[in-house]
Every structure is written in C-alpha cells, then in structure tokens.
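In what follows, a single structure is set out as structure tokens and then discussed.
The values are calculated or read from the model by the stated rules, or taken from the named source; none is laboratory data. Predicted model only: the values in this text are computed from it and were never measured. Every residue, glycine among them, receives a Cβ derived from its backbone with ideal geometry; neighbour counts consider all protein chains shown.
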Amino acid sequence: MLDTKFDELLEFPCQFPFKVIGKANVQLAQQVTVAAQKISPGQYQTETKTSSQGTYDSVTIKVKVNSKEQIESLYIAFSQIDGVKRVL
C-alpha cells in the first residue's frame, strides 16, 4: 500500500475526486468507472477533457470512499489502466 495521511486529513465516508490523465482513448472514462466500481460499487459520472493537441484525455470522477486504504487502492487501480500517465 501507499504511505499516505488521508486518514488524518479526511472524515469518512466522503466523496473523493480523482483525475486520471492518459493517452487519448474513447474508452478511458469507461475504464476509470469500471475500476472505481470494483473497489467502491456505485453509480458514477465522469467528466472528460481532451488536451489542446488531442494527445491526452483527463477523466475526473468523484468516488464515495470509506477509508484511507480504499483511496490508496483506487490510486493503484487507476494507475494500472493501460495508457494512464498520471493519477491526481
């Protein structure tokens, strides 16, 4: 797991925003949603923005989380999606 301090900074449960940045891919938002639902089942909406040159997409998703470990698991799951460069 990651060594974060989310448990000291947040009150659970809460909505936690993630921004997943990856190579432009029409399926990136769906892949992010599927990964989120595996760790924290629920209905999620995403917002996708494409970079000015069309090279990258950023997908923003707010996930209901219940623990620091769940946030860390989501960071790991999102970073393992093919083509993802950064998870913020």
Going by the structure shown, is GLU8 within 15 Å of LEU88 (Cα to Cα) and among the charged types (D, E, K, R)?
no
Answer yes or no as to whether GLN53 is exposed (fewer than 11 other Cβ atoms within 10 Å of the Cβ) and out of contact with any strand residue (DSSP E or B) (no Cβ under 9 Å at 6 or more places or on another chain).
yes
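Residues LYS68, LYS49, LYS62: which one is at pLDDT below 95 and among the basic types (Lys, Arg)?
LYS68 is the lone residue from the list that is at pLDDT below 95 and among the basic types (Lys, Arg).
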Scan of the range 1-38 for residues that are over 18 Å from SER79 (Cα atoms) and among the polar types (S, T, N, Q), ordered by number:
GLN15
Please name all residue pairs, on different chains or six or more residues apart, with Cβ atoms under 9 Å, provided the first residue is in the range 11-22 and is farther than 23 Å from GLY83 by Cβ and the second residue is surrounded by 19 or more Cβ atoms within 10 Å (Cβ to Cβ) and at pLDDT 95 or above.
PHE12/VAL65; PRO13/VAL65; CYS14/VAL65; GLN15/VAL63; GLN15/VAL65
